[in-house]
Every structure is written in C-alpha cells, then in structure tokens.
Amino acid sequence: MQEAGAPTRSESRVLIYTTALICGLFLALAVHIVLTAAGLGLAGAAVGAFLSGKDQINTALAWWAIGIAGCFGSLAVIVLARRLNRPGLHILRLTLGIAFVSILAVAGHKAASAPGNAAALTTAVNLAAMTLGGFMAFFAAHFAARR
C-alpha cells in the first residue's frame, strides 16, 4: 500500500524529467554567460562571424559548449537522481544541489552585457543560446528517462 501523499512512480518520473530539463537548460545558460564574460561567447563573436566571417571557430566552439552543457546537465541530473535516491544520501543530494545553485549564482554575477553590442543582437543571441540549450537538455532528458 502507498502512503497518503506519496508520489506514484509516474509522478516521480515526471518530476525527475522536469528537474533534468530545467537543470540542463540552466547549466547551458550558465556556460553561455561564462563564455560571454570571458570574451568567447556568442554575443561578441556574432557580429564578426555572421557579417564578415571572422571568429567562426570561437562561435562554433561556443555553440558546441552550450549544447554539450545542456545535454550533460540533463544526463547528470537523471543519473544522480536514480543513483542517489536512497534515504541515507540526503546530505550528498543537498550538497550537490547547493553546489549547482552556487555555480548558477557565480554565472549570474558575470551576466553583464558586453559593451558596444546592440541590444537587439544580444537579445537574439541569448534567445538562440537558450533555445539550443533547451533542446539539448530536452533530448538528453527524454532519452535518458526512457531507460
């Protein structure tokens, strides 16, 4: 018998899937912010790469880093949720959660817009990076949650 208020197997699976999707998207966004702050992001190289063909390798590496971060973020959350789903590992889960929030806080602290970029271009690049990270997080969470 199940206890009252205890989640069913399908509810916990949806919760893990949603958490993995959100964490993958946030990790991809954090990688995008850190790369932009380091000068290797999409916002700085987008004008040169799209208009004159310069810095194409930086743009390609930034796209790959954002996509891989979204994918690995989702996969890591699903693997950890399945492996660490024991009552004795509560402190480890809490520590990993605090570390993830700390990484996002550090990335958010560096989230200043690059000087000299147009606001419309920066917004478009940020939305494109979030879309890429979201799709990669979705695909990773979808395929990992099926197993």
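The values are calculated or read from the model by the stated rules, or taken from the named source; none is laboratory data. As the structure is a prediction and not an experimental result, all values here were calculated from the model.
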Conditions (1) more than 22 Å from F135 (Cα to Cα); (2) modelled with pLDDT of 75 or more; (3) not β-branched (V, I, T) -> H32 fails only (1)
If you take just the helices (runs of 4 or more DSSP H) that sit entirely in the range 37-147, which of them hold at least 1 residues that are modelled with pLDDT of 70 or more and within 18 Å of I22 (Cα to Cα)?
56-83, 90-109, 119-145
